[in-house]
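Participant: Quick one: structure below, then a few questions.
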């Protein structure tokens with residue numbers, strides 16, 4: 001029993017001693033007293049402004065607060081500002097592009113800080129993509145000698161003010177821009193001549209979603225360089241001149257231009273400063289017997305912009321506009337157009353004799369009858385029986401000996417049925433000496449064909465080519481929702 005008493009007495013003394021030492025142990029870590037944390041802010045919000053961030057928060061009720069510390073960090077560099085207690089909002093100004101870490105802390109008189117509240121935001125600056133992509137108000141512009149044309153876009157509701165500024169006769173002129181003006185002047189020729197070596201700029205101010213500041217954008221200069229071209233026009237220059245990159249030197253060299261097939265717009269003719277003659281539809285040799293059906297076969301989708309462009313090149317560049325048949329422009333729309341009849345196939349083409357040539361088709365089932373394409377004594381063409389899978393056909397011609405070739409003439413079949421929709425629209429032409437190494441005969445892989453009934457297309461090779469073999473490739477077109485086929489009439493080589 002005495003032993004148990006001794007053990008219990010020792011245990012009680014150990015516990016009491018341990019309790020007394022615990023406070024001393026804490027004091028080793030906390031200093032001379034209990035830690036008291038300052039109340040921290042809450043409801044932090046940071047919103048972007050023009051080269052600034054607007055910071056808002058809610059303060060706690062804590063009499064120990066003496067100051068409020070706002071810090072902002074970018075790329076490892078931190079700056080801060082001490083604000084009077086009770087402040088609930090501040091603006092961090094003169095910021096550069098980047099996403100900032102923003103911190104708000106309360107500070108007591110001893111300099112102790114509360115736990116921070118954090119947020120991350122990026123201010124609007126010149127480098128911000130929303131600033132860069134803010135509407136320029138216009139889609140495209142064209143310099144024509146000392147005149148300037150603008151194609152305006154849609155007016156945006158976030159635009160506050162806008163003006164077009166330029167010098168004419170040594171005087172600074174300003175054209176105020178608003179929704180009414182832009183709507184009424186979608187295609188706009190500045191009425192004054194622009195002074196040489198002076199700038200034309202558009203000034204804009206506006207607002208961005210989530211930004212409370214009115215932003216005054218840098219003036220946008222309408223330069224004479226870096227011209228923009230439509231895909232149609234680029235393709236046209238590639239087909240005719242093999243020009244993949246449109247340089248200023250090349251554009252300045254064009255004095256005559258031929259356009260034959262459908263276009264979205266003629267607007268890019270205003271980018272040709274030395275254009276003297278524009279010829280429309282010259283190379284569409286329509287079937288005279290069906291001329292009344294197809295004399296307006298070539299169309300331009302954006303008629304308004306095209307007529308505007310024709311007017312400007314005629315008036316400013318004094319260019320002559322010639323049109324064969326009734327392509328592109330409604331009859332009587334432009335009095336200065338020189339209207340010409342259906343073009344005649346040249347009579348100076350030396351066609352090669354195809355009497356002993358041999359032919360093969362990549363599709364044996366549907367290639368029957370391809371010889372008729374090259375038989376001058378036959379009135380038949382070639383059209384596979386319609387089928388349910390769209391096919392591509394490679395027609396190879398062996399001329400039996402190397403020949404010098406300058407081009408090919410392709411005539412469509414005369415078709416009066418629903419198969420008109422299956423008249424070939426494009427064709428690939430390749431040449432070879434050995435049937436192993438093939439070269440494109442023209443600047444492009446696919447050549448456009450006039451696809452009206454009985455129409456003839458002449459495809460001139462950029463340079464004469466020596467070859468024994470020719471390869472023509474055409475693809476099926478839809479006859480209806482279920483069947484496909486393609487039609488060709490005659491192919492002559494010259």
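Participant: Residue by residue through segment 51-109, note down the ones that are touching a residue at least 60 places away in the same chain (Cβ under 8 Å) and at positive phi.
Facilitator: Selection gives 51 alone.
Participant: Among (1) at pLDDT 95 or above; (2) farther than 20 Å from residue 465 by Cα; (3) crowded, with 16+ Cβ neighbours inside 10 Å; (4) more than 38 Å from the chain's Cα centre (by Cα), there is one condition residue 386 misses while meeting the rest; what is its number?
Facilitator: Just one mismatch for residue 386, condition (1).
Participant: Please pick out the residue among 38, 118, 95 that is assigned to a strand (DSSP E or B) and either buried (at least 16 other Cβ atoms within 10 Å of the Cβ) or at pLDDT 95 or above (or both).
Facilitator: Exactly one residue qualifies, and that residue is 118.
Participant: Residues in segment 435-443: is at least one in contact (Cβ under 8 Å) with a residue 40 or more places away in the chain and closer than 24 Å to residue 357 by Cβ?
Facilitator: yes
Participant: Go through segment 265-298 residue by residue and tally those that are in a loop (DSSP other than H, G, I, E, B) and in contact with a helix residue (DSSP H, G or I) (Cβ under 9 Å, 6 or more places away or on another chain).
Facilitator: Residues in segment 265-298 being in a loop (DSSP other than H, G, I, E, B) and in contact with a helix residue (DSSP H, G or I) (Cβ under 9 Å, 6 or more places away or on another chain): 9 in total.
Conditions tested, residue by residue: (1) touching a residue at least 40 places away in the same chain (Cβ under 8 Å); (2) outside the structural domain of residue 445 (by TED's automatic domain parsing).
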{"residue": "302", "(1), (2)": "no, yes"}
{"residue": "324", "(1), (2)": "yes, yes"}
{"residue": "347", "(1), (2)": "no, yes"}
{"residue": "366", "(1), (2)": "no, no"}
{"residue": "394", "(1), (2)": "yes, no"}
{"residue": "398", "(1), (2)": "yes, no"}
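Participant: Could you please let me know if residue 270 is crowded, with 16+ Cβ neighbours inside 10 Å and over 26 Å from residue 411 (Cα atoms)?
Facilitator: yes
Participant: Give the residue that is surrounded by the fewest Cβ atoms within 10 Å (Cβ to Cβ), with candidates limited to residues of segment 136-163 that are touching a residue at least 40 places away in the same chain (Cβ under 8 Å) and in a loop (DSSP other than H, G, I, E, B).
Facilitator: Among those residues, the one meeting the criterion is 145.
Participant: Looking at segment 171-181, which of its residues are under 29 Å from the mean Cα position of the chain (by Cα), under 17 Å from residue 220 (Cα atoms) and surrounded by 11 or more Cβ atoms within 10 Å (Cβ to Cβ)?
Facilitator: 175, 177, 178
The values are calculated or read from the model by the stated rules, or taken from the named source; none is laboratory data. Note that this is a predicted model, so its numbers are computed, not measured. No Cβ is skipped: glycine too gets one built from the backbone with ideal geometry, and neighbour counts run over all protein chains shown.
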